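In what follows, a single structure is set out as structure tokens and then discussed.
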Amino acid sequence: MKFRSSLLLGAAFAGGLAAAPAAGWLLDHHGLPHAISTALAQAAGGENPASSIADTHRALGLFGDVFERVRADYVEPVSDGKLIENSLDGMLSGLDPHSSYMNPKQYADMQVQTKGEFGGLGIEVIGDQGLIRVVSPVDGTPAARAGMKPGDLILAVDGKSLDGMSSDEAIAKMRGAPGTKVTLTVKRKGIDKPLSVTMTREIVHIQVVRSDLYGKVGYIRVSSFNEETDGALRAAYDKLKKQAGGKLSALILDLRNNPGGLLDQAIDVCDDFIASGEVVSTRARHKEDSQRWDARGDDITGGLPVVVMINGGSASASEIVAGALQDHRRAVLLGETSFGKGSVQTLIPVPGGGAIRLTTARYYTPSGRSIQGLGITPDVLVRETDDPPDHLFPDREADLAHALKNQGGTTPKLPPRTDLPAMAASIPKVPPKTWPAFDLFKPATDFQLQQAIKLADAMSADPTSRETAQRAATAAPDAAVPAATVPAPVKPDSGAAPHNATPVNPAPK
């Protein structure tokens, strides 16, 4: 696997970085590891560098004291390696919801997952204040078939509580041999009593793309961004063209419950619809580490009207695609506000075979918007159900403990759209009371999809919508991007970008 492809949607600021050779710690005359002592000396600055170094020495001394006390007096023996691993995990997970330490096994599992095939249930989860929250089930997996939903809280596995566990520990409990059963105890908003959901583990090969044809409107569902996504999307579009006799009128790109993935794949998908101009930029702590990626594609649709569907389970890479197509006026977004993960993680191998996933930047849409904690707002709001929002049951990035603040981007909203067909104003925001219960295998019960089909049909018949799509598909660089664009420092490099959540079994990014 290419190094940049293994960066779970994290900008390759450390391009080419490899793990340092394993070696014993060399202690200086203070008793500190030599590498730490050197770093302290190099970092010393400000008004009183001596005081800063002294404070750090005291803090490291405290760590050593606690380490020795636990090592000597804990109720049962615990290995030094386990204590160090727990310390590393706490150091990183206390920063934000997406930084973490991966031991060698977890790192190896993650690398397998980006290939799109793994064993387990197929749930993307994230740790949140001692709770395990579902970001999204993955299409075609046991979790999706069992009806797991974004926002579900997993309370127990086979009757054993997950209270206070890290996401990695919870993931380990949910994994198991293919063919074995596992029962999750789940708390779902709107339902008072916990649910018991029993699934059979299996080797999961994610069908990242599937397609269908509704009249002359093509439909492509993208469930995640792994190494197969762009190629599968192009193949699906070619298949739809043949099915429609070469006469597709519009395209629906469904990114609902897409938890994200590899940035290079997200950029490639943008290239499929945007000929030129900025796709996404990242801004890091150090300006020289900021980057910008531009489209260098050729619109595969030839300028057909495009509707992109999003919801609260659309995160990270899917938000990059939705934001780019929205900013370029290349697509109309329909659905609900997305998850709001606008941070970038760099995956850095470390000695011993593990890795750290470290938040190193925020990313921004072509118009300069940071979606961190805010998400992407659809152009046409259509909710999945008529249930009122449950503010006591949060399920967005901004609700997570230690979530990064939104900063550095443009604050104004995008200008109102003037290219929507007149019927867009009449699309209902919620399904009627008589709407049938949603069935994954019955598209007619999918209220959001049915409204997207109506909108796509109307856009294909509306001259303004067609002209806007054609213009955006062939626009000169940045021509379709609102004037509020805030340029980011550019570093001519490529990489991968943000990971939306800790993977349970699915392809992460």
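Among the residues of the range 218-243, what is the count of those that are closer than 30 Å to Arg133 by Cα and outside any loop (DSSP other than H, G, I, E, B)?
Here is the first cut: in the range 218-243, the ones closer than 30 Å to Arg133 by Cα are 219-230, 232-233.
Next, only the ones that are outside any loop (DSSP other than H, G, I, E, B) stay: 219-222, 225, 229-230, 232-233.
The qualifying residues number 9.
Quick one: how many residues across the range 334-353 are in contact with a helix residue (DSSP H, G or I) (Cβ under 9 Å, 6 or more places away or on another chain), surrounded by 24 or more Cβ atoms within 10 Å (Cβ to Cβ) and closer than 18 Å to Pro104 by Cα?
Total satisfying the criteria: 1.
For Gln207, work out the one condition from (1) part of a loop (DSSP other than H, G, I, E, B); (2) surrounded by fewer than 21 Cβ atoms within 10 Å (Cβ to Cβ); (3) in contact with a helix residue (DSSP H, G or I) (Cβ under 6 Å, 6 or more places away or on another chain) it doesn't fulfil.
(3)
Being of a type in the set (D, E, K, R) and either in contact (Cβ under 8 Å) with a residue 40 or more places away in the chain or buried (at least 24 other Cβ atoms within 10 Å of the Cβ) (or both) is the filter here; which residues of the range 292-315 pass it?
Arg292, Asp294, Asp299
Residue by residue through the range 255-291, note down the ones that are touching a Phe, Trp or Tyr at 6+ places or on another chain (Cβ under 6 Å), buried (at least 24 other Cβ atoms within 10 Å of the Cβ) and more than 19 Å from Ile220 (Cβ to Cβ).
Result: Val280, Ser281, Thr282.
So how many residues does the range 158-172 have that are at pLDDT 90 or above and either of a type in the set (Phe, Trp, Tyr) or buried (at least 20 other Cβ atoms within 10 Å of the Cβ) (or both)? Show your work before the answer.
Quick first cut of the range 158-172, residues at pLDDT 90 or above only: 158-162.
Imposing the further condition that a residue be either of a type in the set (Phe, Trp, Tyr) or buried (at least 20 other Cβ atoms within 10 Å of the Cβ) (or both) reduces the set to 162.
Count: 1.
Which ones in the range 327-361 are among the β-branched types (Val, Ile, Thr) and within 30 Å of Leu455 (Cβ to Cβ)?
Val332, Thr337
Just give me the residues in the range 399-438 being charged (D, E, K, R) and under 29 Å from the mean Cα position of the chain (by Cα), in sequence order.
Result: Asp399, Lys405, Lys413, Arg417, Lys429.
Mind telling me which of the residues Gly140, Gly127 ends up being in contact (Cβ under 8 Å) with a residue 12 or more places away in the chain, outside any helix (DSSP H, G or I), closer than 24 Å to Gln345 by Cβ and out of contact with any strand residue (DSSP E or B) (no Cβ under 6 Å at 6 or more places or on another chain)?
Gly127
Would you confirm whether or not the range 103-115 contains a residue that is outside any helix (DSSP H, G or I), modelled with pLDDT under 90 and under 18 Å from the mean Cα position of the chain (by Cα)?
yes
Counting only residues that are modelled with pLDDT of 80 or more and within 19 Å of the chain's Cα centre (by Cα), which one in the range 116-130 is farthest from Thr183 (Cα to Cα)?
Val125
For Ile84, indicate whether it is under 17 Å from Ala401 (Cα atoms) and either touching a strand residue (DSSP E or B) at 6+ places or on another chain (Cβ under 6 Å) or assigned to a helix (DSSP H, G or I) (or both). I'd like the intermediate steps shown before the answer.
On the way: under 17 Å from Ala401 (Cα atoms): no; either touching a strand residue (DSSP E or B) at 6+ places or on another chain (Cβ under 6 Å) or assigned to a helix (DSSP H, G or I) (or both): yes.
So Ile84 fails the test.
Being crowded, with 20+ Cβ neighbours inside 10 Å, at pLDDT 90 or above and either out of contact with any Pro (no Cβ under 6 Å at 6 or more places or on another chain) or of a type in the set (Ser, Thr, Tyr) (or both) is the requirement here; does Ser367 meet it?
yes
When the residues of the range 244-264 are filtered to those that are among the small types (Gly, Ala, Ser) and under 13 Å from the mean Cα position of the chain (by Cα), which remaining residue is farthest from Gln450 (Cα to Cα)?
The selected residue is Gly261.
Looking for whichever is under 19 Å from the mean Cα position of the chain (by Cα) and of a type in the set (Ser, Thr, Tyr) here; the options are Ser167, Ser161, Ser79. Which one fits?
From the options Ser167, Ser161, Ser79, the qualifying one is Ser167.
Considering the range 454-474 alone, what residues qualify as being under 29 Å from the mean Cα position of the chain (by Cα), within 30 Å of Ser276 (Cβ to Cβ) and surrounded by fewer than 20 Cβ atoms within 10 Å (Cβ to Cβ)?
Hit for the range 454-474 is Thr474, nothing else.
Tell me which residues, restricted to the range 204-263, are of a type in the set (S, T, N, Q) and free of Cβ contacts under 8 Å to residues at least 60 places away in the same chain.
Hits for the range 204-263 are Ser211, Thr229, Gln243.
The values are calculated or read from the model by the stated rules, or taken from the named source; none is laboratory data. Since the model is a prediction, treat every value here as computed from it, not as a measurement. Methodologically, a virtual Cβ is constructed for each residue, glycine included, from the backbone with ideal geometry; neighbour enumeration extends over all protein chains shown.
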